[in-house]
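Participant: Handing you this structure, nothing more for now.
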Amino acid sequence: MAIDVELEQGQQWIEREFWSSLPGREDKPENKIEWNFDSNRRLYTMRVEIDGKQGRCQFTENQLRDCLADRSGTVQKKIREALRVIQFVVRE
């Protein structure tokens, strides 16, 4: 399934936000982020594995599409809150 540009840019923005709170961790080859799409629920799941610890959170298509153009900051705030949960799980 081809991903459109807005979704890809949204995923990239979310990944940058995630790694910015864990400096130096994105450089390790064993640390990775994977995206999966659930077509029935129209949700994207971001799965993170860092030093053997795993975390995941889900985002809607609209969140991915809207996060870059979010002038009020509402979508970005919700995304950052979801990322904080994963960051807590995977931190040392």
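Participant: What pairs come up if the first residue lies in the stretch 56-73 and is in a loop (DSSP other than H, G, I, E, B), the second is surrounded by 14 or more Cβ atoms within 10 Å (Cβ to Cβ) and not hydrophobic (A, V, I, L, M, F, W, C), and their beta carbons are under 7 Å apart, counting only those six or more places apart or on different chains?
Facilitator: These pairs meet every condition: 67/10; 67/76; 68/9; 68/10; 70/76.
Participant: For the stretch 53-67, name all the residues that are closer than 17 Å to residue 13 by Cβ, touching a Ser or Thr at 6+ places or on another chain (Cβ under 7 Å) and not polar (S, T, N, Q).
Facilitator: Selection gives nothing.
Participant: Here is a follow-up. Inspect all residues belonging to the stretch 14-37 and state whether any of them is assigned to a loop (DSSP other than H, G, I, E, B) and in contact with a helix residue (DSSP H, G or I) (Cβ under 6 Å, 6 or more places away or on another chain).
Facilitator: Within the stretch 14-37, one or more residues are assigned to a loop (DSSP other than H, G, I, E, B) and in contact with a helix residue (DSSP H, G or I) (Cβ under 6 Å, 6 or more places away or on another chain).
Participant: How about the stretch 68-92: which of its residues are modelled with pLDDT under 90, over 11 Å from the mean Cα position of the chain (by Cα) and under 11 Å from residue 14 (Cβ atoms)?
Facilitator: The one that is modelled with pLDDT under 90, over 11 Å from the mean Cα position of the chain (by Cα) and under 11 Å from residue 14 (Cβ atoms): 68.
Participant: If you don't mind, another one. Could you tell me whether residue 33 is of a type in the set (A, V, I, L, M, F, W, C), touching a residue at least 60 places away in the same chain (Cβ under 8 Å) and within 19 Å of residue 82 (Cβ to Cβ)?
Facilitator: Judged against the criteria, residue 33 is not a match.
Participant: How many residues are touching a helix residue (DSSP H, G or I) at 6+ places or on another chain (Cβ under 7 Å) and either within 12 Å of residue 11 (Cβ to Cβ) or in a strand (DSSP E or B) (or both) when one looks only at the stretch 38-52?
Facilitator: The total comes to 4.
The values are calculated or read from the model by the stated rules, or taken from the named source; none is laboratory data. The model shown is predicted, which means the values in this text are computed figures rather than measured ones. A quick note on method: Cβ atoms are made from the backbone with ideal geometry, for glycine too, and the neighbour counts reach across all protein chains shown.
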